Ligand SMILES: [Zn+2]
């Protein structure tokens, strides 16, 4: 077996999202997928004799990003909901394509917050497709690392066909248990009900799910488009809210107090606004639809601002697949957070280290000596300009290994 040579990335800038300042003249030695050391160019220690040197001059090293809200088995686009009904084999192919897109965009981790269920060929049992993708990708070091929520748990009458439906507490709890039995890493509750001003379940039904999951070492997250559901989720002690499109100050304050994460997905609205130009769908093109999008977007931005001011930890997600974005669009969310008033380095932290905290993976979204060599290189300074995240030059964990010559 040939082993890869150590690689030196020489004379790059480094943006690690722990603060606003870019480090310059940095050299990073990588061996066996780990960061051996990070030093100023002028203080490089003696190099291993077989080192492969990458001249990284003019580029910036950025930690591999975490897409905290993704749906790897779904393609996205303006018909994103219809695509959920595609045959499972096609959705598994979509996942492989998404895996490439994620990697090329510098996304190391994807947190899958819902996939359709289909019979598993190994035992014929229906389970979330993303679980199969997770098992596949575990065996391939260059594939995105995945945490999987299984299939959405929702009240009936919300999105028929795709979700597991439960209309009362005991049914919900049983459905939640079945997801963990199938191997889900965490649970995803859909806290929008059939009526916009009513949560689908009472707080004690949700709390029973949270207690059961915590007892099994799993976390619970909740889709929250409207305030009524958000309130129930927070009261029941869910670990995070997805979207949080309609939070008020009180909700944000309680989230901060409890340590509830918010996963922002603001770029969803920018995507819909782009469809006003690129599609003929009345929902995006019609005046009424455009107005609704504008209004919801304003509320969503206000909600994220409440959360930021209250000190809620905020991780960034695209909602690709389960929404209209594509798997290589996380930079769009970072830009959207900056537009909402985040400093660029804070927005990058949301797409890296905060996401790692949410996943419970301390190495994710960080670059440290001894840690995984999960970084990518861009042109420009993402600590002052989020658009630089689109200009990916090299992805360390996907680089072709330079074999040792024996
Ligand atoms: Zn989603």
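The values are calculated or read from the model by the stated rules, or taken from the named source; none is laboratory data. Predicted, not measured: the structure shown is a model, and the values here were computed from it. Glycine gets a Cβ as well: all are built from the backbone with ideal geometry, and neighbour counts include every protein chain shown.
Residues that are within 27 Å of residue 394 (Cα to Cα) and out of contact with any helix residue (DSSP H, G or I) (no Cβ under 8 Å at 6 or more places or on another chain) within segment 104-135 comprise 134, 135, listed in sequence order.
Cβ separations smaller than 6 Å between residues 6+ apart or across chains give no pair from segment 312-337 residues that are farther than 27 Å from residue 82 by Cα to residues that are modelled with pLDDT under 95 and within 14 Å of the ligand (Cβ to nearest atom). With respect to (1) outside the structural domain of residue 117 (by TED's automatic domain parsing); (2) part of a strand (DSSP E or B), the lone exception for residue 69 is condition (1). The set of residues in segment 86-123 that are in a helix (DSSP H, G or I) and within 16 Å of the ligand (Cβ to nearest atom) comprises 91, 94, 95, 98, 102. The set of residues in segment 228-252 that are crowded, with 18+ Cβ neighbours inside 10 Å, more than 16 Å from the ligand (Cβ to nearest atom) and part of a helix (DSSP H, G or I) comprises 228, 231, 232, 234, 236, 251, 252. Here residue 122 fulfils each of the conditions (1) surrounded by fewer than 16 Cβ atoms within 10 Å (Cβ to Cβ); (2) modelled with pLDDT of 95 or more apart from (2). Across segment 181-203, which residue is surrounded by the most Cβ atoms within 10 Å (Cβ to Cβ) among those that are in contact with a helix residue (DSSP H, G or I) (Cβ under 7 Å, 6 or more places away or on another chain) and not in a loop (DSSP other than H, G, I, E, B)? Of everything passing the filter in segment 181-203, 189 is surrounded by the most Cβ atoms within 10 Å (Cβ to Cβ). Checking each residue in segment 33-77 for being under 30 Å from residue 284 (Cβ atoms) and either within 16 Å of the ligand (Cβ to nearest atom) or surrounded by fewer than 13 Cβ atoms within 10 Å (Cβ to Cβ) (or both) picks out 66, 67, 68, 69, 70, 71, 72, 73, 74, 75, 76, 77. Quick check on residue 82: is it in a helix (DSSP H, G or I) and within 16 Å of the ligand (Cβ to nearest atom)? Taking the combined requirement at face value, the residue satisfies it. For segment 16-32, a residue qualifies if it is assigned to a loop (DSSP other than H, G, I, E, B), out of contact with any helix residue (DSSP H, G or I) (no Cβ under 7 Å at 6 or more places or on another chain) and surrounded by 19 or more Cβ atoms within 10 Å (Cβ to Cβ), and exactly one does: 16.
Scanning segment 204-211 for any residue that is within 22 Å of the chain's Cα centre (by Cα) and not in a loop (DSSP other than H, G, I, E, B) turns up at least one such residue. When residues in segment 326-349 are screened for being within 16 Å of the ligand (Cβ to nearest atom) and out of contact with any strand residue (DSSP E or B) (no Cβ under 9 Å at 6 or more places or on another chain), 1 of them pass.
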